[in-house]
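Undergrad: For reference, the structure I am asking about is given below.
The values are calculated or read from the model by the stated rules, or taken from the named source; none is laboratory data. Because the structure is predicted, anything quoted here is derived from the model rather than measured. So basically every Cβ, Gly included, is an ideal-geometry build from the backbone, and we count neighbours across all protein chains shown.
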Amino acid sequence: MANTNLSVSSLDFPGIRASLVSYLQGRSEFEGFDFSDTALSTLIDLLAYNTYYMSFYANMAANEAFLDTAQLYESVASRAKALGYRPTSAKGPTANVLVRFTSATANATFRSISINKNTRFRTSVNGVSYTFVTPKSYVVAANSTNGFQGYIDLVEGEPLTHEFTFTTANTSFVIPNANTDVSSITVTVTSSGNTQTYSEATDLTTANSSSKYFFVEADRNKLYKVGFGDGVLGQKPPLNSTVAVSYRACSAERANGANNFTAASAVGGQTAFSLRVVSRASGGAPAESIESIRFNAPRLYETQNRAVTTEDYKRIIIRDNPDLEAVSVWGGEDNDPPIYGKVYVAAKPLSGTLLSTNRKTAIKSSLRRYNVQSIDVEMTDPAYLYVVPYVEVRYVPEQTTRTASEIAAALAARVRSFESAYLGKFESKFRLSKFLAYLDDVDDAVTGSRAVIDLQKRFSPSTTSKNDYVIRFNTHLLQLGEGEQLAAVRGGSSAHPGFGWLTSSSFTKDGFTSYLEDNGFGIVRTYYRSSVGRFDRVYTDRGVGTVDYTNGIVYLNAFKPDAVSGDALYVTARPVSQNVNAVRNQIILMAGSRIAVLNDSTGAVLATASDISTIGDTAIIAEVPGLTTF
């Protein structure tokens, strides 16, 4: 039977064309027409393409109307604006330097040196030059020896200023730079020779008709627009007044790590001065991505611009600090030990492993205006916990063209990708079964694998004074040589009955290369080896600390090595469970991974892989010496 109805069940081009042909063939006036190779076929193609384009456009337009499905930045930013969310801009890194004026001497009238805002400094990173400026004015007062020195911040970015005339038809200004650091925007309004400074509106509950506020919102093409109030929430500038918008155009994360600065000209009117970098440039970050906006906007809306719950703090910090990769927040009641009336914040930067002191202070200060209760914010560093796996992988050589060495190299790459995909963040979890399954997929010839893991903590003890240290593994630890070692990887079948599983890297004590170990009963000892024999230990301190195996805590008392090998002292222990959860400010990484590739039939070791260079192997953890807990 002829089709006399136009089907609309398909929206792709072939389906639309077939529906049109079927419809026309069912019409008597087109009886006997050839729809495959005539001018009529071209017209049908044109109708099908037009319908297809319209359906595609309608679908895209509908998608752009919702935050979850929008793909264009303008659409996502517009949907986020309805939730009161402004996408974070690019941000230039900040360095802190000590400036010492070497020839200036104070007298009765000369008591301070003023350093103007936007005083320029130059540096280079990877051969590229960058401009850093002072973000505000500084006054360096004379010290007790009549000299002048002080700490100042330097922020990367090129200072720019644009002016426009405020009229009824021109009430806002789009900053023509995609790398605008929004935190640097300042606005002045000049009318009849009188210049007034406007402040950015951050809390509308304080706004009224006389408030000199300006507003910043996201515009098209990742630009930002500066506007003013309507006379009710914020004062309008006078008509025909001149509005000056100043800001910094930054290079985002590219200038991170800068640590050598020179002044472009005189500083505070002085030409004789020296600069010492206190903290290298950090905190630079790119503008927020579409996926980040899509994730953060609805969640920040839940906070209503106030910090009450830990999630409120977390979302505000993420919104205001695009240079952070991960944030963990927990209440004082969940701390160990509990401390009420506080909220603890740990943050991992996009670049590096730890935040500078100045950066932590800035984050802490920015949270004060969101507090609705008398809650103190405490910034703490991430505590890195390293998983050290010892792995045996069995395979059938006849079932693959790869050599054992090639399989070992592929397994090493798998270890690195596993760390990158599943670890390195707060609240991450290491699951041994998941790790082994990830390794087994490296080649069809692999028949299975087994592994044991150790856990490792690192710190830099003081070499000048005796200190107490609390080393938290936060998981049940083995004692008395319980558990199995992999003979092919580590050597030996089990620990000696007189030793526990706690060990350390070497340090120098009283002229000897020494180590830490536990005796299997909760006592930590120090020793050195009198020869190369396994049991030739000479104990120099049989009670340097204790181990709480159940809670996974090691206590060192009045511990002071003379020197430490490498960048830190590594303390290693074996957990009861082969699954590890990060707690509070902990971040799990992998280090010291060792892999043995075995012939599945004979059990012979055909290849090994070590020095795998994971993030945990290569990252520099700058723990402060003398900490009593970490």
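Undergrad: Working only within segment 521-575, note down all residues that are outside any strand (DSSP E or B) and either surrounded by 18 or more Cβ atoms within 10 Å (Cβ to Cβ) or not assigned by TED's automatic domain parsing to the domain that holds I471 (or both).
TA: The answer is Y549, G552, P561, A568, R574.
Undergrad: Separate question: Given the structure, is G448 of a type in the set (G, A, S), on the phi > 0 side of the Ramachandran plot and not in a loop (DSSP other than H, G, I, E, B)?
TA: yes
Undergrad: Let me ask you something else. Within segment 207-245, can you find the residues that are within 25 Å of S78 (Cα to Cα) and polar (S, T, N, Q)?
TA: Correct list: N221, Q235.
Undergrad: Output the residue which, of all residues in segment 559-593 that are at negative phi and of a type in the set (D, E, K, R), is modelled with the lowest pLDDT.
TA: D567
Undergrad: Also, quick follow-up: Take segment 317-345 and flag every residue that is within 13 Å of the chain's Cα centre (by Cα) and among the hydroxyl-bearing types (S, T, Y).
TA: S328 - this is the single residue of segment 317-345 that is within 13 Å of the chain's Cα centre (by Cα) and among the hydroxyl-bearing types (S, T, Y).
Undergrad: Here is a follow-up. Residue by residue through segment 193-215, note down the ones that are modelled with pLDDT of 90 or more and either of a type in the set (A, V, I, L, M) or over 29 Å from G92 (Cβ atoms) (or both).
TA: Across segment 193-215, the qualifying residue is only N194.
Undergrad: So, in segment 514-531, how many residues would count as being free of Cβ contacts under 8 Å to residues at least 24 places away in the same chain and out of contact with any Asp or Glu (no Cβ under 7 Å at 6 or more places or on another chain)?
TA: 5
Undergrad: Can I ask one more? From the list R79, R111, R100, R122, exactly one residue is charged (D, E, K, R), outside the structural domain of G15 (by TED's automatic domain parsing) and either modelled with pLDDT under 90 or in contact with a Cys (Cβ under 7 Å, 6 or more places away or on another chain) (or both). Which is it?
TA: Numbers: R111 fails: either modelled with pLDDT under 90 or in contact with a Cys (Cβ under 7 Å, 6 or more places away or on another chain) (or both); R100 fails: either modelled with pLDDT under 90 or in contact with a Cys (Cβ under 7 Å, 6 or more places away or on another chain) (or both); R122 fails: either modelled with pLDDT under 90 or in contact with a Cys (Cβ under 7 Å, 6 or more places away or on another chain) (or both).
Result: R79 is the single residue among R79, R111, R100, R122 that is charged (D, E, K, R), outside the structural domain of G15 (by TED's automatic domain parsing) and either modelled with pLDDT under 90 or in contact with a Cys (Cβ under 7 Å, 6 or more places away or on another chain) (or both).
Undergrad: In addition: Among (1) farther than 19 Å from L589 by Cα; (2) touching a residue at least 12 places away in the same chain (Cβ under 8 Å), where does L439 come up short?
TA: Exception for L439: condition (1).
Undergrad: If you check R359, R416, R369, which single one turns out to be of a type outside the set (S, T, N, Q), over 19 Å from S610 (Cβ atoms) and surrounded by fewer than 19 Cβ atoms within 10 Å (Cβ to Cβ)?
TA: R369
Undergrad: I would also like to ask the following. Do we find that A596 is more than 30 Å from K314 (Cα to Cα) and assigned by TED's automatic domain parsing to the domain that holds V388 in this structure?
TA: Criteria met by A596.
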